[in-house]
Amino acid sequence: MSQVRLERVSKVYDRATVVRGIDLTVNDKEFVVLVGPSGCGKTTILRMIAGLEQISSGVIRIGDRIVNHVSAKDRDIAMVFQNYGLYPHMTVYNNMAFGLKMRKTSNEEIHRSVTDTAEFLGIRELLQRKPRALSGGQRQRVALGRAIVRKPQVFLFDEPLSNLDAQLRVDMRAELKKLHRRLQATIIYVTHDQIEAMTMGDRIVIMKDGLIQQVGAPMEVYARPQNRFVAGFIGSPSMNFVPCTLARSDGQQSFANSGISVAVPASKAAALAAYEGKAITLGIRPEELHEATTQDPVNAVFDAIVEVVEPLGHESYIGVKAGTASLLARMSPDTRAEVGQTIRLAVKVEKLHAFDPQTEQAIC
Ligand SMILES: Nc1ncnc2c1ncn2[C@@H]1O[C@H](COP(=O)(O)OP(=O)(O)OP(=O)(O)O)[C@@H](O)[C@H]1O
Ligand SMILES: [Mg+2]
């Protein structure tokens, strides 16, 4: 059983608290991604789990053991770092064999383990090379191989793809997912890239300033972000936020700003009642905006002026201004929009998000 459990774990460096009482359970064989902006404490958490950093308070359990005072080498964990940390003077074979030699594994066993793993990772023909004679992607595989041969209970990955070019990153994302399935291992993976988090994690943990903001399956977090930070961080391009007033007339609530007035769907009316006549932040994902047709209800439609057109081939990003609000819409590449032109947009009102402007918590 290789569950990892953090209970009220904190880290203080010279009076600065960088991890603030984190509770998190990573289940056996689960792939969990910690994601958040630079400096939010991701690496610190991994290093505390690995035993490379003392915790200031709290409890860390791996399996059914409390490991607070267990040294790194006895935690049965393998960590893959961003810079791979390969030994430059050793061949690939010896880099991979090193940990096993330290454990006094027999030579036959080492040979079998290293060659099998190299075969599995597609680096068998590289075993006699030194790291400087490898590409970034090949080095990355060697670092993975070195972790895999040790058959640890838990793998910790700290931004292992960030040194690779864009195409290789996409390929390695898929490979790591396959690897996870084959190894049946518990993986905790750190990244600041929300696309990596969304595509790889069984669950994702969104962090900010040493605190967990939300934990959930990727699509659950995407559909129901609990606060404005998560709403803006997950999803690319980011959610649009529009400062509005919650207006009410003839029994119908609407989000209103100088250029937009869209109806609140009946399903959300009760939750928003307390905000009538008050400020509210409307959240609209770029893909929930489309060019209006006669099918769209009039109270979900507004006019906007096109400011930017970014064709990407398979879709276009269209930046518009509606009243004082700037919005980005993600539209079909066939959309004919020119800068300066007025375009009529419609929103899917059921997909709108609303946030309290003070607390920034999601209202519904
Ligand atoms: N040894 C240290 N002494 C003092 N402060 C530290 C130390 N290590 C990290 N910190 C601080 O702790 C905070 C969290 O750092 P950490 O490396 O965990 O962030 P991160 O989320 O991994 O960021 P990045 O995405 O940039 O790698 C930062 O403000 C950092 O400056
Ligand atoms: Mg880091």
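Read-outs: derived from the displayed coordinates by stated rules, not from any lab. The structure displayed is predicted, hence computed values, not measured ones. Heads up, the Cβs are rebuilt from the backbone with ideal geometry, glycines too, and the neighbour counts pull from every protein chain shown.
Summary table
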read-out	value
Rough spin-label spacing in nm, given labels placed 7 Å along Cα→Cβ, for residue 295 and residue 28	4.9 nm
Cα Rg, Dmax (largest Cα-Cα span) when computed across the chain, Å	24.9, 82
Order of 219, 198 under a 10 Å beta carbon neighbour criterion, fewest first	219, 198
The range 112-230 shape via C-alpha gyration tensor axes, a/c threshold 1.5	prolate
Charge-dipole axis of the chain as Lys and Arg at +1 and Asp and Glu at -1 on Cβ define it, positive-most pick from 313, 32, 299	32
Pairwise label distance in nanometres, residue 183 with residue 247, each label 7 Å out on the Cα-Cβ vector	5.6 nm
Stretchable slack from residue 270 to residue 107, in nm (0.36 nm times residue separation minus alpha-carbon distance)	51.7 nm
Residue 87-residue 17 FRET efficiency (beta carbon distance; Förster radius 56 Å; 0.05 resolution)	0.95
Most to least packed among 159-171, 101-113 [average Cβ atoms within 10 Å]	159-171, 101-113
Label point distance in nm, residue 166-residue 199, each placed 7 Å from Cα along Cα→Cβ	1.2 nm
Charge dipole (debye, nearest 20) of the chain; +1 at Cβ of Lys and Arg, -1 at Cβ of Asp and Glu	1620 debye
Environment charge at residue 94 (Cβ cut-off 13 Å; Lys +1, Arg +1, Asp -1, Glu -1)	+4
Segment residue 278-residue 360, extension gain: residue separation times 0.36 nm, minus the distance between their alpha carbons	28.1 nm
Percent of alpha-carbon pairs separated by more than 12 Å within the range 309-353	65 percent
Stretchable slack from residue 125 to residue 70, in nm (0.36 nm times residue separation minus alpha-carbon distance)	16.0 nm
Debye-sum result for the range 253-364 in log10 I(q)/I(0), which assumes one identical scatterer on each alpha carbon, at q = 0.11, 0.22 Å⁻¹	-0.36, -1.22
Alpha-carbon centroids, the range 282-343 and the range 131-202: separation in whole Å	37 Å
